[in-house]
Every structure is written in structure tokens, then in C-alpha cells.
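Each reported figure results from applying straightforward, stated rules to the coordinates on display, with no laboratory input. Given the structure is predicted, the values throughout are model-derived calculations rather than measurements. All Cβ positions, even for glycine, are placed from backbone atoms using ideal geometry, and neighbour counts span all protein chains on display.
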Amino acid sequence: MLLKPKDKKKPKRKGKRKNGPKTRVRNRLDMKWSKIVKLGGFCEYCKIEGVRLEAHHIIGRRNLNTRWDKENGICLCTNHHKFSPIFSAHETPTVFTEWLTSEWGKERLEFLKNESLKNRSYSIADYLEIEKGLNDMLGINK
């Protein structure tokens, strides 16, 4: 006689939903912010056009205060964003920060830092307001 395996019940998910309404809006914001940062069409380090471009957050994307602020982004080619062992925002962050400080100035970076330190929580209505601003920058009437 064959025994049936016991029905395994999936454990209930605890914590935040992965695909909830806030997540979906935030994903849209990320895509729109990235398009805005890449509008220049070239890597801001090597000035090369026609290569794969990526949007890099100066203040990490975990910080919602600056996550979708166009001033918190810089357009880099894939090499200078992630991979170059000589100059890359992720591989050589100290070199990148020194270069960025010389390009942007301490005041601009200090402003971003101060914005990132503000204590604020975001509702879906806040996200939709941010999306409206990003749509305006992209020329989308929605």
C-alpha cells in the first residue's frame, strides 16, 4: 500500500507584501526617475554616447527622501557605474566620491545629505504626487 504524502500547507506570509500597491507605484517611480537621469544621453564621467547608460543614486535608493530626486542621480555607462576596477561608483566608491565632489562641489552633495536625513514617512498619495512631478519632467500628461 502506498502512503500519500501529507498535504503541505504554505506558511502564511508575515511582513510586507512584495507586490502591494506601494511597491507597484515605487517601481514605476524608479523607472521614471531612471529615464530622467539618463536624458542627457551620455556617461557623465567618460562623456561617451551610444553605450548602455545607467542611473546611479548618489544617496542610496533605500533613502526615500532622495530616491526620486533628479538631483540625486548621475548618468553613467555600465562600466563606470558597476564594473571598472579603476573608476566605478560601486567598485571604487572613494575614487568616485572624490571625482563627484570635484565635479559637483561640496555644497550640492551636502544639500543632498541634509535632504536624506529628514524624518519623513510616505503614503501612496505622496508617491502619486512624486509621480506627477516625474511625469511633468518627462512631458507625460497623466
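Here are a few things to note about the model shown:
- Every residue from region 34-75 that is in contact with a Cys (Cβ under 6 Å, 6 or more places away or on another chain), in a loop (DSSP other than H, G, I, E, B) and of a type outside the set (Val, Ile, Thr): Cys43, Glu44
- Pick from region 95-117, criterion of a type in the set (A, V, I, L, M, F, W, C) and within 27 Å of Gly133 (Cβ to Cβ), ranking: surrounded by the fewest Cβ atoms within 10 Å (Cβ to Cβ): Leu117
- Residues that are touching a Phe, Trp or Tyr at 6+ places or on another chain (Cβ under 8 Å) and β-branched (Val, Ile, Thr) within region 76-122 comprise just one, Val95.
- Within region 70-94, considering residues that are under 23 Å from Arg108 (Cα atoms) and more than 18 Å from the chain's Cα centre (by Cα), the one surrounded by the fewest Cβ atoms within 10 Å (Cβ to Cβ): Thr94
- In the set (1) touching a residue at least 40 places away in the same chain (Cβ under 8 Å); (2) at positive phi, Gly139 fails one condition alone, (1).
- Residues that are under 16 Å from Arg26 (Cα atoms), in a helix (DSSP H, G or I), free of Cβ contacts under 8 Å to residues at least 60 places away in the same chain and more than 18 Å from the chain's Cα centre (by Cα) do occur in region 116-134, at least one of them.
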